[in-house]
Amino acid sequence: MTKQIAFSFLLFILPFASGAREGMWIPTLLEQNIAEMQAMGFELTEEDIYSVNQSSMKDAIVHFGGGCTGELISAEGLLVTNYHCGYSEIQSHSSVENDYLTNGFWASSRNEELPNKGLSVTFLISIEDVTDKVLDGTGKLASPASVDSLVAINMEIIKRDAKEKSGYDANIKPFYEGNQFYLFLTETFTDVRLVGAPPSSIGKFGGDTDNWVWPRHTGDFSLFRIYAGKDNKPANYSPENIPYAPRSFFPIDITGIEEGDFTMVFGYPGTTQQYLPSHEVKIILEDTDPDRVAIRDIKLDILERHMEKDDETRIKYAAKHASTSNSWKKWQGEIIGLKRLKTIESKKEEEKEFAQWVASDTIRNEKFGNILPGFDSLYPIFTPISKAYTYYLECIYRGTDVFRNFQFAEKVGSMASTQQEVTMANIEDLFKDYSKEVDCEVFVKLTSKYFEDLPNLANTPPFAGIISQKDVEKKLRNLYMKSFLCDKKSMLAMAANPSSAKTKQKKEADELYRLLEALKQNFSSITNIEYWDVKQQLNALQKRYVNALLELNLGKQMYPDANSTLRVSYGKVEGFEPRNGVKFRHYTTIDGIAEKAALGIDDYHIDTKLQELITKKDFGRYVATDGTLPVCFTASNHTTGGNSGSPVINAKGHLVGINFDRCWEGTMSDIDFDPEKCRNISLDMRYMLFIIEKYAGSSHLMSEMKIIE
Ligand code: ARG
Ligand code: GLU
């Protein structure tokens, strides 16, 4: 078998199948989908997608940095993912003097490729269903807690044996809410270097204005290279390492895509929640999403004001801002979509049918009869605690930078002295992308909001003193500005002498430290315990609910929720009708970039170099039949967060796009998928290659790739 993807040209003449296809399928179980995929145009077999005996597409795909997907595009370890997936690496190499965010970065030789501390990529070696082994012996156990602990023991043994036998890393993940278990053998590389990235004005073109929205014109890609030891095995960073030779890589097809073409997305979708009861959807729609949006409104407003004023702050907060605003915008789309689809109502209908199905059989009734009543009685208890949980997460825990400093200071005394160096490095990291002025404002506003919207807290002793103050904000500001937690030198001094009496005193005397400690304790003693207690009961019910749904759907296809494992989605290149009277075409071209740039807003700013290329219309071999250059396209593949960077593959198994977003009207697809409106958005490979060749002049990279013309 050569190092490329295997092709076998099986031509099926089957009736037209509809495009949009809900589902994220496990690659080892594709025999249930392959006939439909082929009917939709796919020319290969399931063995070409996933095989343990020969190299297959899965060998060209990595889980990138744990949260995105990437794919190999050369025999020498060259990897492509989204610009936004490499964003924090690109940012971390950037400074006001070397502003790669603004100017882009292109290594002109291998020596210039930049190593990235903390970045890793993981290949999947094999998947095995180990449900029986994991559940072995649990049938005899009565309590869910004893089942859970035996399951945990079984998993440890299976993983240890698998690792010993194979030499690969072994991990087990629950599927269908813990009704099935799969073992994953993986191989992780940690020497991954930055090779190239366009400037933000290309890689993030459209910024937050266009994020989650079609029509789109973003050149959302960045290039990395995996390095390995001399034996082609994972090795820690070393200048001696050599480019990794993958088992497989994707040829890039620039012959063009047409509406109706088969497409497949193969990557690492993170989380979906397709089997939630109506109660939980109600919480998301009425509380969680609106609360998170309102809290982030405040935070984003502060970040943006400061980022606009000052270049250093702009760079420091670039990645934090992008990730805060990304979900903020998505949740707003999700609210609209769930309302439009009337998801709560349709879930209630399904639950009615489910109840009838359960009631119609005595054994079934015994097994499943108490599931829905269980939801009915637990959710009224869960709803207010869930709200407090959301507030704590958004306002305190991940709301402010200083909370991380606090957590660090809290545990520093208990760290072993051998960790001293790590500790110092961690403090440097805490302060690297931090501005006292910015974070103080975020802290003041979010903490006030926390107290304001959860009024019960105001009566709790440690807070009463603060909240009863006339000017809460001023008080909060004062205690923040005085704190050692916001001062790198003091933090370093504390870490150098963590267990001294002076350090203890310092913590006790610091009002911010004490406030954060009280907030954390209050949260863990009240909300957290209740939260996890009720949540555990709900999880146990949810597991039984999905178990029942599996029985109800026996013989029919029912895909498991996304759980950051490798999945296949398939659909077609197609546009859609977002609203009555509006039809979206399935692709955009470079003319749209010029059109948007002319509007003069920041998110649509382009540099003169791109401007000139657009005017010259020198698109080389990437030009489409209509004389223009395609930029992005939409297709009906079911995707979610984590699918960013995933290869979009055509009928022949070649790379035609890189997935990077979903359309606004379909952002509720994590909970409710609508085949009419849910579309994934991808970068057309022709635009990427045009940027690499014509804009960056990095044609040396082109010679590594296999281009199908
Ligand atoms: N919405 C896409 C995703 O969920 C892209 C995010 C990056 N782009 C941005 N403008 N923040 O990750
Ligand atoms: N941009 C998302 C990501 O980072 C993909 C878009 C989506 O959520 O579908 O994975």
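Tabulated results
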| quantity | calculated |
| --- | --- |
| Cβ pairs under 8 Å, 6+ apart, first in region 186-205 and among the basic types (Lys, Arg), second part of a strand (DSSP E or B) and away from ligand 1 (no atom under 14 Å from the Cβ) | 193/114; 193/115; 193/224; 193/225; 193/227 |
| Check on residue 245, in a loop (DSSP other than H, G, I, E, B), away from ligand 2 (no atom under 16 Å from the Cβ), among the hydrophobic types (A, V, I, L, M, F, W, C) and crowded, with 17+ Cβ neighbours inside 10 Å | no |
| Boolean, residue 161 is outside any helix (DSSP H, G or I), of a type in the set (D, E, K, R) and surrounded by fewer than 20 Cβ atoms within 10 Å (Cβ to Cβ) | no |
| Subset tally (residues that are more than 14 Å from residue 620 (Cα to Cα) and without any contact (Cβ under 8 Å) to a residue 60 or more places away in the chain) for region 683-709 | 1 |
| Search result, residues across region 72-84 that are within 14 Å of ligand 2 (Cβ to nearest atom) and either closer than 27 Å to residue 29 by Cα or surrounded by fewer than 24 Cβ atoms within 10 Å (Cβ to Cβ) (or both) | 81 |
| Candidates 627, 653 - the one that is away from ligand 2 (no atom under 16 Å from the Cβ) and surrounded by 24 or more Cβ atoms within 10 Å (Cβ to Cβ) | 653 |
| Counted residues, region 650-668 - those being more than 16 Å from ligand 1 (Cβ to nearest atom), in contact with a helix residue (DSSP H, G or I) (Cβ under 7 Å, 6 or more places away or on another chain) and either not in a loop (DSSP other than H, G, I, E, B) or not small (Gly, Ala, Ser) (or both) | 2 |
| Residues (hydroxyl-bearing (Ser, Thr, Tyr) and near ligand 1 (Cβ under 10 Å from one of its atoms)) located in region 317-341 | 323, 324, 325, 327 |
| Selected residue (only one of 564, 490 is closer than 30 Å to residue 187 by Cβ and surrounded by 14 or more Cβ atoms within 10 Å (Cβ to Cβ)) | 564 |
| Positions within region 304-316 being modelled with pLDDT of 95 or more and within 16 Å of ligand 1 (Cβ to nearest atom), in sequence order | 304, 307 |
| Strands (runs of 3 or more DSSP E) fully within region 566-643 counting 3 or more residues that are touching a Lys or Arg at 6+ places or on another chain (Cβ under 8 Å) | 567-572, 576-579, 630-635 |
| Search result, residues across region 385-409 that are assigned to a helix (DSSP H, G or I), buried (at least 19 other Cβ atoms within 10 Å of the Cβ) and of a type in the set (D, E, K, R) | 394 |
| Some residue of region 272-290 being within 16 Å of ligand 1 (Cβ to nearest atom), at pLDDT 95 or above, in a helix (DSSP H, G or I) and of a type outside the set (A, V, I, L, M) | yes |
| Failed item in (1) more than 16 Å from ligand 2 (Cβ to nearest atom); (2) assigned to a helix (DSSP H, G or I); (3) touching a residue at least 40 places away in the same chain (Cβ under 8 Å), with residue 90 passing the rest | (1) |
| Residue identified as surrounded by 19 or more Cβ atoms within 10 Å (Cβ to Cβ) and farther than 25 Å from residue 320 by Cα among 363, 371 | 371 |
| Scope region 207-236; condition of a type in the set (Gly, Ala, Ser), farther than 18 Å from residue 69 by Cα and away from ligand 2 (no atom under 14 Å from the Cβ); matching residues | 228, 229, 235 |
| From 330, 299, residue being surrounded by 19 or more Cβ atoms within 10 Å (Cβ to Cβ), modelled with pLDDT of 95 or more and more than 16 Å from ligand 2 (Cβ to nearest atom) | 299 |
| Region 176-224, subset among the charged types (D, E, K, R) and either more than 16 Å from ligand 1 (Cβ to nearest atom) or assigned to a helix (DSSP H, G or I) (or both), residue modelled with the lowest pLDDT | 208 |
| Residue tally, condition over 19 Å from residue 540 (Cβ atoms), among the charged types (D, E, K, R) and part of a helix (DSSP H, G or I), over region 333-384 | 10 |
| Residue within region 42-62 that is touching a residue at least 12 places away in the same chain (Cβ under 8 Å) and assigned to a strand (DSSP E or B) present | yes |
| Selection status of residue 125, out of contact with any His (no Cβ under 6 Å at 6 or more places or on another chain), away from ligand 2 (no atom under 16 Å from the Cβ) and under 30 Å from residue 110 (Cα atoms) | yes |
| Per-region count, region 73-106, residues of a type in the set (Val, Ile, Thr) and closer than 23 Å to residue 659 by Cβ | 4 |
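The values are calculated or read from the model by the stated rules, or taken from the named source; none is laboratory data. Keep in mind it's a predicted model, so treat the numbers as computed, not measured. Neighbour counts run over all protein chains shown; Cβ positions are idealised from the backbone, glycine included.
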